[in-house]
1. Once the cut-off is 12 Å, how many percent of the Cα-Cα pairs in region 1-51 end up in the long-distance tail?
2. What number comes out for accessible area per residue over the chain if the probe is 1.4 Å? Units Å², please.
3. Mind listing the Cα extents of region 57-99 along all three principal axes, in Å, largest one first?
4. Order 66-77, 92-103 from most to least packed using the mean count of other Cβ atoms within 10 Å.
5. In the calculated pair distance distribution of region 5-131, what percentage of Cα-Cα distances lie above 17 Å?
6. Can you give me the C-alpha center-to-center distance between region 31-57 and region 62-82, rounded to a whole angstrom?
7. For the chain, modelled as a Gaussian network with Cα springs under 10 Å, which listed residue fluctuates most, Asn113, Asn20, Asn88?
8. Express the carbon and sulfur contribution to the solvent-accessible surface of the chain as a percent, rounded to the nearest whole number, probe 1.4 angstrom.
Amino acid sequence: EELPSFIGSYTRLGFLSCSNNRLQFFCPEVGNMLSLRTLFARGNQIVTLNDGFAKLSTLRSLELSENQLRSIPEVILKLSELRTLKVNGNLIKKVQKSVVGLMGLHSLGVAANQLTELPNELGELAKLNELDA
């Protein structure tokens, strides 16, 4: 299951909640939602994110907890305005060192995954004031 492609026509939408459904993917058209600042997609079956997410340059809060992610999707690391990232309760085994590229990150949630360690590089996130691991 995925969001219908017409969702991309909502170019002025700032908030989208599609939590607690059976979504596995986002349609590529989600990248057209250039005003999107907050996306809640908790409690789905999402396994990855498509490259369209890289266009979401205004996204500040992304909630992907309780899905089927095996890693933090690389496309998230291109979201320079991201302040909050929640990926709790997935199947993530490792937090990539490249997450330090999210220099504006204030809150990171990675609890209830399959982590055995956190990278020391997280200490470089100077604005991080909430870490849920």
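1. Working: 783 of 1275 pairs.
When all Cα pairs of region 1-51 are counted, 61 percent exceed 12 Å.
2. 51 Å²
3. 27, 20, 12
4. 66-77, 92-103
5. I get 54 percent for the Cα pairs in region 5-131 exceeding 17 Å.
6. 8 Å
7. Residue with maximal mean-square fluctuation among Asn113, Asn20, Asn88: Asn20.
8. Here it works out to 48 percent.
The values are calculated or read from the model by the stated rules, or taken from the named source; none is laboratory data. Since this is a predicted model, take the numbers as computed values, not measurements. Cβ coordinates were reconstructed from backbone atoms using ideal geometry, including for glycine residues, and neighbour counts include every protein chain displayed. These accessible areas exclude ligands, DNA and RNA; they are computed on the full protein's heavy atoms, side chains included. Shrake-Rupley method; radii C 1.70, N 1.55, O 1.52, S 1.80 Å.
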